[in-house]
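Presented below is the structure to which this report refers.
Nothing in this text is a laboratory measurement; each read-out follows from the coordinates by a stated rule. Quick caveat, the model's predicted, so the values are computed rather than measured. FYI the Cβ positions are ideal-geometry reconstructions off the backbone, even for glycines, and counts take in every protein chain you see.
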Amino acid sequence: MNEQLSLLPTISSEETVNQANKLIETPQDLTMQEKRIIWVLASFIDEKDTNFRRQKIKIEEFAKVIGITSKNFYNVVEDTIEGLVGKTVTINEGDRRIVLSWLSSAVYHKGKGIVELEFSEMLRPYLLQLNQHMLRTSFKLRNVLALKSRYSGRMYELLKQYENKESRYYPIDEFRELLNVPEGTHQLYSKLKEKVILRAKKDLDAKTDITFELKEYKESRKVVGVSFVVSTNLSNIVSSAQQLPHVHSK
């Protein structure tokens, strides 16, 4: 493992996040703030990196980027990071079921306002050395930092894979699982559509580089699946000079 620490003075919204589609298509139990941490750390990875680097980040800057605005932001950032350290993701690879942690460690430098974070080594196949010929999805960090909810963030990741490609069909149960919609919440499809899908569409249309059209599939009047036709949102293609967007604390 590379022990060299990289001091990153700023977090740039123009950096690119690369993820294996296998990771994106895996259910993830993360809050929006935890998800922003993953995106920011992924944006630090260089395509030539063969190992994860421990990243030094200023906690005050981190708080602004992940949407923490309270006066005691140091404590809130620590709580958010420690919550993420304790979470796992389960990936099915053939006959293997892999349960792995998102982060391997979090080190706080007392009195300096700095935290060091490093991805779990087991995430290497899903975040490192993802060349153009692999099944990966890439996007600019600015597309996701300003999104309002974790549902919007997850829908962006899932749908970005299919931008200007064939439509993507999801059975309703699979779609709910991928977005981590709690059991018993938005049980009726009409509520899921109103509170999750259409709100996410409004968010994506306003802030990201993709938009989508929704199609519903019914059996005996019940919606059993949905498909999305994803296209480039030309109104939000911006110059590389754009600053970090305002992020929401939800």
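Side notes on the structure shown:
- Members of the stretch 100-110 that are under 15 Å from L30 (Cβ atoms) and part of a strand (DSSP E or B): L100, S101, L103
Yes/no per residue for (1) under 19 Å from the mean Cα position of the chain (by Cα); (2) surrounded by 12 or more Cβ atoms within 10 Å (Cβ to Cβ); (3) among the aliphatic types (A, V, I, L, M); (4) part of a helix (DSSP H, G or I):
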{"position": "M155", "(1), (2), (3), (4)": "yes, yes, yes, yes"}
{"position": "Y169", "(1), (2), (3), (4)": "no, yes, no, no"}
{"position": "F175", "(1), (2), (3), (4)": "yes, yes, no, yes"}
{"position": "P182", "(1), (2), (3), (4)": "yes, no, no, no"}
{"position": "D203", "(1), (2), (3), (4)": "yes, yes, no, yes"}
{"position": "V223", "(1), (2), (3), (4)": "no, yes, yes, no"}
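- Members of the stretch 133-153 that are touching a Ser or Thr at 6+ places or on another chain (Cβ under 9 Å) and surrounded by 17 or more Cβ atoms within 10 Å (Cβ to Cβ): F139, K140, L141, R142, N143, V144, L145, A146, L147, R150, S152
- Some residue of the stretch 42-52 being surrounded by 17 or more Cβ atoms within 10 Å (Cβ to Cβ) and in a helix (DSSP H, G or I): yes
- From L130, L117, L84, residue being outside any strand (DSSP E or B), in contact (Cβ under 8 Å) with a residue 40 or more places away in the chain, more than 15 Å from the chain's Cα centre (by Cα) and crowded, with 16+ Cβ neighbours inside 10 Å: L130
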